[in-house]
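Take a look at the structure set out below.
The values are calculated or read from the model by the stated rules, or taken from the named source; none is laboratory data. Fair warning: this is a prediction, and the values are worked out from it, not measured in the lab. Note that each Cβ is placed from the backbone with ideal geometry, even for glycine, and that neighbours are counted across all protein chains shown.
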Amino acid sequence: MNSLKKNLVPLLGIALVVAVLATGIFYSIFVAKMREASQDGPSVPVVVAARPLGKGVSLKAADLRVVPWPEKAVLKGAYREVDSLEGAVLLEALEENEPVLKNRVASQDGKTAGAAGVPVGMRAVSARIAEAEGVTDLLQAGHHVDVQVISLPGAPPELRTILQDVEVLRVETPKDQRGAPVVTLLVKPEEADALSLADATARVRLTLRNPLDRQAAPSQRVTLPPLFQTGLTAKPQGR
C-alpha cells in the first residue's frame, strides 16, 4: 500500500504539470486568435472618453477623442465625430477609452439621444391606434401625422382632429398581430395631456401627411347626422 502511494505522488505531480502547460498553451492560442480577430478587417473612427467621466458631465472636445475601432466590433449607437457630442450631457459614467453611445447622452435638442430623443420642452407620448393598420404599415420614425379621436362604441358617433403635424418617433406592431399598434409621438406638454386622455377614454386614429405639408387646417367636430343630411363636398385638386 505504501509503495502504491509513493508511485501515485509522482504521477499526480506530472499530471498537474501537464494540465498547467496545456492550459497555458490553450490560453496563449486563444489570446493570439482574439488579437488576430481584432486586427482582422478594416477599422472605423469611434469617439471614446479621453478620461474617466462622471454622470451629468457636459461634454467638451477635451473630454473626448477619436480612436480606430474594428468595424466588426463597433457597438450600435457609437459616434464617429467629436463635434456631434459637444454640449451633450452624460446619462451614465464612462471609463477612459469607453465608447460614447447615443443611449448614454442627452442634449437640449434631443438629437444626440437617437430616435427616441426628446428636445427640451417637448414630450414623447404613446397611443394605441384603432382600426388603422393600413396607415401604420406606412408609418416610420420622422413622418408627420394628424391625430383623430373617435367616440367609443355605444356613445353617439363623433370625431374630431385634436392634433396636427405631429412627428412620429416610433411605431410598434404587436408580434401576434392581434393587439393595436402603438405609435409614439413628439408633442407639446399640453398636447400630451389631451392625447393621453383620448388614448384612455376613446379611440385614436392617425392620418398621414405629405412631408411638405406643414399647414394646419381648420378642425371641427364631425358627427353622423350632418354627414347623412348634407355630406361633404370635396374640393377639386389642381393637376
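Some points to look at:
- Applying the condition of being surrounded by 13 or more Cβ atoms within 10 Å (Cβ to Cβ) and either farther than 18 Å from residue 195 by Cα or among the polar types (S, T, N, Q) (or both) to the stretch 117-132 and asking which residue is modelled with the highest pLDDT yields 126.
- Test result for residue 171, buried (at least 17 other Cβ atoms within 10 Å of the Cβ) and either assigned to a loop (DSSP other than H, G, I, E, B) or modelled with pLDDT of 90 or more (or both): no
- For residue 161, the stated conditions do not hold, so it cannot be described as within 30 Å of residue 105 (Cβ to Cβ), β-branched (Val, Ile, Thr) and at pLDDT 85 or above.
Yes/no per residue for (1) within 29 Å of residue 118 (Cβ to Cβ); (2) in a strand (DSSP E or B); (3) modelled with pLDDT of 85 or more; (4) not polar (S, T, N, Q):
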{"position": "4", "(1), (2), (3), (4)": "no, no, no, yes"}
{"position": "8", "(1), (2), (3), (4)": "no, no, no, yes"}
{"position": "12", "(1), (2), (3), (4)": "no, no, no, yes"}
{"position": "16", "(1), (2), (3), (4)": "no, no, no, yes"}
{"position": "23", "(1), (2), (3), (4)": "no, no, no, no"}
{"position": "66", "(1), (2), (3), (4)": "yes, yes, yes, yes"}
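- Within the stretch 191-203, restricting attention to residues that are within 14 Å of residue 164 (Cα to Cα) and within 24 Å of the chain's Cα centre (by Cα), the residue that is surrounded by the most Cβ atoms within 10 Å (Cβ to Cβ) is 195.
- Taking first residues from the stretch 190-217 that are touching a residue at least 12 places away in the same chain (Cβ under 8 Å) and partners that are charged (D, E, K, R) and surrounded by fewer than 16 Cβ atoms within 10 Å (Cβ to Cβ), the Cβ contacts under 6 Å between residues at least 6 apart in sequence or on separate chains come to 214/165.
- Residue count for the stretch 69-90 under the criterion of being in contact (Cβ under 8 Å) with a residue 24 or more places away in the chain and not in a loop (DSSP other than H, G, I, E, B): the result is 10.
- Within this structure, residue 146 passes the test of being closer than 23 Å to residue 222 by Cβ and either at pLDDT below 85 or part of a strand (DSSP E or B) (or both).
- Residue match in the stretch 74-81 (condition: over 21 Å from the mean Cα position of the chain (by Cα), surrounded by fewer than 16 Cβ atoms within 10 Å (Cβ to Cβ), within 17 Å of residue 107 (Cβ to Cβ) and not acidic (Asp, Glu)): no
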